[in-house]
1. Does any residue of the stretch 106-122 turn out to be assigned to a helix (DSSP H, G or I) and under 19 Å from G43 (Cβ atoms)?
2. Looking at E26, E87, which one is closer than 21 Å to Y110 by Cβ and charged (D, E, K, R)?
3. Would you mind listing the strands (runs of 3 or more DSSP E) fully within the stretch 1-84 where at least 2 residues are closer than 26 Å to F160 by Cβ?
4. Restricting attention to the stretch 80-105, and to residues there that are over 16 Å from M46 (Cα atoms) and charged (D, E, K, R), which single residue is surrounded by the most Cβ atoms within 10 Å (Cβ to Cβ)?
5. So, in the stretch 48-78, how many residues would count as being under 20 Å from H106 (Cα atoms) and buried (at least 21 other Cβ atoms within 10 Å of the Cβ)?
6. Kindly provide the set of residues from the stretch 102-149 that are within 20 Å of G82 (Cα to Cα), touching a helix residue (DSSP H, G or I) at 6+ places or on another chain (Cβ under 6 Å) and among the polar types (S, T, N, Q), ordered by number.
7. Output the residues belonging to the stretch 128-160 that are outside any loop (DSSP other than H, G, I, E, B) and buried (at least 23 other Cβ atoms within 10 Å of the Cβ).
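Derivation of every value follows stated rules applied to the coordinates shown; laboratory data play no part. What you see is a predicted model; the values in this text were computed from it and never measured. As a convention, Cβ positions derive from the backbone with ideal geometry for all residues, glycine included, and neighbour counts pool all protein chains shown.
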Amino acid sequence: MLKSEHALLLVIDVQGKLANLAWRSERMQNNIRILIEGTRILGIPMLATEQYPRGLGHTVDAVGMLFGDAPVIEKNSFSCCGEFTFEVKLNEMHKTDIIVCGIEAHVCVYQTVRDLLDLGYNVHLVTDAVSSRTEDNWRLGVEKCMSLGAKLTGTEMVLFEMLRESGTERFKAISKLVK
């Protein structure tokens with residue numbers, strides 16, 4: 001069972017033109033915003049990455065403006081785990097469950113999920129908050145992550161799984177986000 005005290009949100013490379021070219025881009029970006037706000041309500045820390053921002057641009061404003069003081073790590077390797085700074089920050093947070101969203105499902109997301117699983121993390125892939133430029137590549141990325149052992153989930157599903165009960169102020173706040 002996914003518990004908020006063991007969780008970390010990882011937002012991978014939701015950058016510039018690529019983010020806007022992604023399949024179902026608007027839906028994906030909206031779900032990432034909901035995840036960021038929802039995990040903040042639940043007290044879950046976040047890490048974000050940007051793949052070669054000099055070439056691809058920075059995180060799109062609609063998502064990046066929600067990062068607050070969360071670390072944003074620049075990387076050149078497709079897998080976040082190939083970046084030393086990322087591994088240091090990840091280890092400092094002492095979490096066992098990584099909630100993954102971002103782009104592209106078949107490249108950076110897939111390779112990061114693969115490496116996180118190899119490192120022994122429980123990986124929760126939020127399928128409605130990841131994308132690729134094409135639906136086929138999104139599907140291949142999701143299927144490959146699942147075959148390696150990632151747990152598939154959705155934006156609402158993951159938030160309510162960690163929330164666990166209604167009737168609280170946190171429930172009311174998250175319910176507003178998903179409506």
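1. No: zero hits.
2. E87
3. Strands (runs of 3 or more DSSP E) meeting the threshold: 7-12, 46-51.
4. The qualifying residue surrounded by the most Cβ atoms within 10 Å (Cβ to Cβ) is E104.
5. Residues flagged as under 20 Å from H106 (Cα atoms) and buried (at least 21 other Cβ atoms within 10 Å of the Cβ) within the stretch 48-78 amount to 6.
6. Result: T112, single match.
7. Matches in the stretch 128-160: A129, V130, S131, W138, G141, C145, T155, V158, L159.
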